[in-house]
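Asks: My structure is below; once you've seen it, I'll send some questions.
The values are calculated or read from the model by the stated rules, or taken from the named source; none is laboratory data. For clarity, every value in this text was computed on a predicted model and none was experimentally measured. Cβ placement follows ideal geometry from the backbone for every residue including glycine, while neighbour counts extend to all protein chains displayed. Side chains included, ligands, DNA and RNA excluded: accessible areas come from the protein's heavy atoms. Shrake-Rupley method; radii C 1.70, N 1.55, O 1.52, S 1.80 Å.
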Amino acid sequence: MNILEIRNLHVSVQRKPILCGVELALQPGEIHAIMGPNGSGKSTLANLLAGREECQVTAGEVFYQGLDLLSLAPEERARAGVFLGFQHPVEIPGVSTARLLKEAFNARQRYRRLPEMDAIAFRDHLGAQAGKLGLPADWLLRPVNVGFSGGEKKRNELLQMLVLEPHLAILDEIDSGLDIDALALVAEGINALRDPGRATLLITHYPRLLDRVAPDRVHVLMGGRIIVSGDMALARELERQGYGWLEEVAT
Amino acid sequence: MNNDRSQVMNTLARSYQQGFVTPIASDTLAQGLDEAVIRSISAKKQEPEFMLEWRLAAYRRWLGMTEPHWSSVRYPPIDYQAISYYSSPFFGNPGAVALEDVDPALLATYEKLGIPLDERLSLAGVAVDAVFDSVSVATTHQKKLAELGILFCSMSEAIREHGGLVRRYLGSVVPPGDNFFAALNAAVFSDGTFCYIPPGVRCPMELSTYFRINAARTGQFERTLIIADEYSQVRYLEGCSAPQRDRHQLHAAVVELIALEGAEIDYSTVQNWYPGDAEGRGGIYNFVTKRGECRGDGSRISWTQVETGSAITWKYPSVILRGNGSSGRFHSVALTNHHQQADTGTKMIHIGANTRSTILSKGISAGQGHNAYRGLVKVLAGATGARNHTQCDSLLLGGACSAHTYPYIEVKNRSARVEHEATTSRIGEDQLFYCRQRGLGSEEAVSLIVNGFCQEVLRELPMEFSVEARKLLAVSLEGSVG
Ligand SMILES: Nc1ncnc2c1ncn2[C@@H]1O[C@H](COP(=O)(O)OP(=O)(O)OP(=O)(O)O)[C@@H](O)[C@H]1O
Ligand SMILES: [Mg+2]
């Protein structure tokens, strides 16, 4: 069974059609990349998969591990293992990352009828993951994203992914704003979750992250559809030529 | 019949968990108020003559006063003759009842509320005075405190046993004629807590009072007096709850704090009176006068309050900064949901030189809640070098609620520095979605964000209280997201 299967998906935002007939399938263990010009609808696709209400589905179907994903509330999707690393993570004053993650983790445990983790066990789990990303100890106690730099916010998204261990991770420009060392750590984090039970959808503009995670497929989203798919060679071609040469295919 | 009805209401509004009624016989005065009622309250409490005179003088002043209506809260007229002014679960002299003789139903009530009155079971480090309707039921850890010279007892006992201190300090911060409700309280107050901390003593445990209204159609008029003598320190906690009833009930308390030279008083309240149902039926009218005076140099008084209950909350815990270099703080979280109304804030009166005050107010409105911050910062001519910082933040959930800020600033000394900042924000869709994407339900997400919004105030509370306050905020927000 595919982890994610999108069939003929049409989505409008504020009555404006953004996605018109997206087809995509991720098999267990796969990492796919989605590239495409600014405003082509990559984030819209990511938000739709996470259940954002503004994204209106006008046609099509989405299955996640065989479940009708569109029938689930955002929190149900999350508890079932869908994670979105946001392009623009929000700030939540007064709420520490540790607190948010403990609630998130235990909500998922309850959903799966697994025992909740107590404060001490969770602190250890969290500390171990933060260590992998080279984050200082006080990081977890700071309010979520408040005053974080662009790159720090992205690292915080990846930390959350590592703690919540999703089956489907959708990472929307997780690489933007990262310095070179952070990029390497983030790539390691993504590779750490590469296993036969999971799949990852990476939205990016640059091949530098893709070089480190070796995606199975690279897709180009343009004109509301995936107009071409290939492997790393496609990403390199885009880096050389931009998207102009694809415009004919798109229309 | 009455019982059936309250059972139905209990099931309807499950979320108010303290809404049960204790079925217990009570010695309750007939409804109505006149001099005979006041004489009878004073007699039941076996008060000395000076107290009766004090009450009667207050009553006569009250007769000449009119109910104030300058606040932003709205309610139908209160019929002061339709209230019973005294209700006690004890018959005869309440002062003579030993804990062993207290009706087990009463003790069970407090246990159900999480406040065991048996010292062996009680929270370590917290002494409790338990007030049930008009009387104090029990006061724990009195002996241990007495060894340090600390007086911690019910107001009734203080009037009988420590008349000198009571005479000297009662009404010295909130005089009987201060305002309409303070005058009413002075006339009919029934019980409350009295604390005296002797010079140089740091109170080794937190002192607390738990107020419980049980009887129907009664008012609760408690009176609390805390005196911190020179260079002493005390932390005091106040909690409260009431059964769910479909009629409004009046709670008009007066709290006076006195800090002498170098003394420090921290007073925390978690106010959880029954707020009424989702349609605005029932609930407590909480019209309270709370005021502290930093009488001595270098003294400090802090008010921290979490106001989640009551149909209407109307209170302004204030500090009179008389001593030079004294400081006052007010930290408040006020949450209104459904049809609740709150008009709350503080007054900081700078009299002494180099006095400091800090105000941090967090208002949360949900449903059709109405939430107003009203604060006065007054710097008198002699208060050279006075400083105030005020921060008022409002958070709105949904479109039908409202938040208002009414800051009043009067400065008569040019060296004073007074700062006021205010923000109003709506809970962000983006924040909610972010939390839900991580797996939190809508209500959990709202509660987490609201908790974060109040964090700076909640962390001022003692540990057990802040856990309790977080839970209360979550419960009070139920039904606030559609
Ligand atoms: N709330 C909205 N109202 C109107 N238009 C919107 C709204 N949200 C998104 N859009 C439009 O939808 C289109 C797709 O936006 P989206 O954010 O999905 O692009 P993207 O591919 O992620 O771009 P980028 O590479 O810049 O992140 C854009 O034209 C954008 O302006
Ligand atoms: Mg985008």
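Asks: On the phi < 0 side of the Ramachandran plot, part of a strand (DSSP E or B) and within 8 Å of ligand 1 (Cβ to nearest atom): does that describe A:ILE18?
Replies: Working: on the phi < 0 side of the Ramachandran plot: yes; part of a strand (DSSP E or B): yes; within 8 Å of ligand 1 (Cβ to nearest atom): yes.
Answer is yes for this residue.
Asks: Taking A:GLY41 as the residue in question, decide whether it is modelled with pLDDT of 95 or more and within 16 Å of A:ARG77 (Cα to Cα).
Replies: On the way: modelled with pLDDT of 95 or more: yes; within 16 Å of A:ARG77 (Cα to Cα): no.
Against the criterion (modelled with pLDDT of 95 or more and within 16 Å of A:ARG77 (Cα to Cα)), A:GLY41 does not qualify.
Asks: Take the residues in region A:197-213 that are in contact (Cβ under 8 Å) with a residue 60 or more places away in the chain and either open to solvent by 30 Å² or more (accessible area, probe 1.4 Å) or within 14 Å of chain B (Cβ to nearest Cβ) (or both); name whichever of them is farthest from ligand 2 (Cβ to nearest atom).
Replies: Per the stated criteria, the residue is A:GLY197.
Asks: A:PHE63: modelled with pLDDT of 95 or more, more than 12 Å from ligand 1 (Cβ to nearest atom), closer than 29 Å to A:ASP231 by Cα and open to solvent by 20 Å² or more (accessible area, probe 1.4 Å), yes or no?
Replies: Taking the combined requirement at face value, the residue satisfies it.
Residues checked against (1) more than 10 Å from the chain's Cα centre (by Cα); (2) surrounded by 24 or more Cβ atoms within 10 Å (Cβ to Cβ):
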| position | (1), (2) |
| --- | --- |
| B:VAL254 | no, yes |
| B:THR269 | no, yes |
| B:GLU279 | yes, no |
| B:GLY282 | yes, no |
| B:VAL306 | no, yes |
| B:SER326 | yes, yes |
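Asks: Does B:GLU256 satisfy the criteria of being charged (D, E, K, R), modelled with pLDDT under 90, part of a strand (DSSP E or B) and closer than 24 Å to B:ALA127 by Cβ? Explain how you work it out, then say what you get.
Replies: Values: charged (D, E, K, R): yes; modelled with pLDDT under 90: no; part of a strand (DSSP E or B): yes; closer than 24 Å to B:ALA127 by Cβ: yes.
So B:GLU256 does not fit the description; no.
Asks: Right, another one. Please tell me if A:ASP216 is more than 14 Å from chain B (Cβ to nearest Cβ), away from ligand 1 (no atom under 16 Å from the Cβ) and within 20 Å of A:ALA235 (Cα to Cα).
Replies: yes
Asks: While we're here: Quick check: anything in region A:28-40 more than 16 Å from ligand 2 (Cβ to nearest atom) and of a type in the set (Gly, Ala, Ser)?
Replies: Yes, region A:28-40 has at least one match.
Asks: From B:GLY479, B:GLY398, B:GLY439, grab the single residue that is modelled with pLDDT of 80 or more and of a type outside the set (Lys, Arg).
Replies: Testing whether each residue is modelled with pLDDT of 80 or more and of a type outside the set (Lys, Arg) leaves just B:GLY439.
Yes/no matrix, rows are residues, columns are (1) surrounded by fewer than 19 Cβ atoms within 10 Å (Cβ to Cβ); (2) in a loop (DSSP other than H, G, I, E, B):
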residue: B:VAL174; (1), (2): no, yes
residue: B:ASN185; (1), (2): no, no
residue: B:SER190; (1), (2): no, yes
residue: B:TYR196; (1), (2): no, no
residue: B:GLY200; (1), (2): yes, yes
residue: B:PHE211; (1), (2): no, no
residue: B:VAL234; (1), (2): no, no
residue: B:GLU238; (1), (2): no, no
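Asks: Follow-up question, since we're still on this one. Take A:GLY197 and tell me if it is under 24 Å from A:HIS10 (Cα atoms) and modelled with pLDDT of 90 or more.
Replies: On the way: under 24 Å from A:HIS10 (Cα atoms): no; modelled with pLDDT of 90 or more: yes.
The answer is no for A:GLY197.
Asks: Okay, next question. Which numbered condition in (1) under 22 Å from B:ARG438 (Cα atoms); (2) more than 16 Å from ligand 2 (Cβ to nearest atom) is the only one that A:THR58 fails?
Replies: All conditions are met except number (1).
Each row is one residue, and each column tells you yes or no for (1) at pLDDT 80 or above; (2) over 27 Å from B:THR313 (Cα atoms).
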{"position": "B:HIS69", "(1), (2)": "yes, no"}
{"position": "B:TYR75", "(1), (2)": "yes, no"}
{"position": "B:TYR80", "(1), (2)": "yes, no"}
{"position": "B:TYR85", "(1), (2)": "yes, no"}
{"position": "B:VAL102", "(1), (2)": "no, yes"}
{"position": "B:ALA105", "(1), (2)": "no, yes"}
{"position": "B:ALA108", "(1), (2)": "no, yes"}
{"position": "B:GLY114", "(1), (2)": "no, no"}
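Asks: Would you pick out the residues in region A:24-59 that are more than 16 Å from ligand 1 (Cβ to nearest atom), in a strand (DSSP E or B) and open to solvent by 10 Å² or more (accessible area, probe 1.4 Å)? Even if it seems obvious, please write down each step before you answer.
Replies: So the first thing to find is which residues in region A:24-59 are more than 16 Å from ligand 1 (Cβ to nearest atom), and the list is A:25-31, A:59.
Subsequent filtering for residues that are in a strand (DSSP E or B) retains A:25-26, A:31, A:59.
Those that are more than 16 Å from ligand 1 (Cβ to nearest atom), in a strand (DSSP E or B) and open to solvent by 10 Å² or more (accessible area, probe 1.4 Å): A:ALA25, A:ALA59.
Asks: Only one of A:ARG217, A:ARG194 is of a type in the set (Lys, Arg), farther than 30 Å from A:ALA137 by Cα, surrounded by fewer than 22 Cβ atoms within 10 Å (Cβ to Cβ) and more than 16 Å from ligand 2 (Cβ to nearest atom). Can you tell me which?
Replies: Going through A:ARG217, A:ARG194 in turn, the sole match is A:ARG217.
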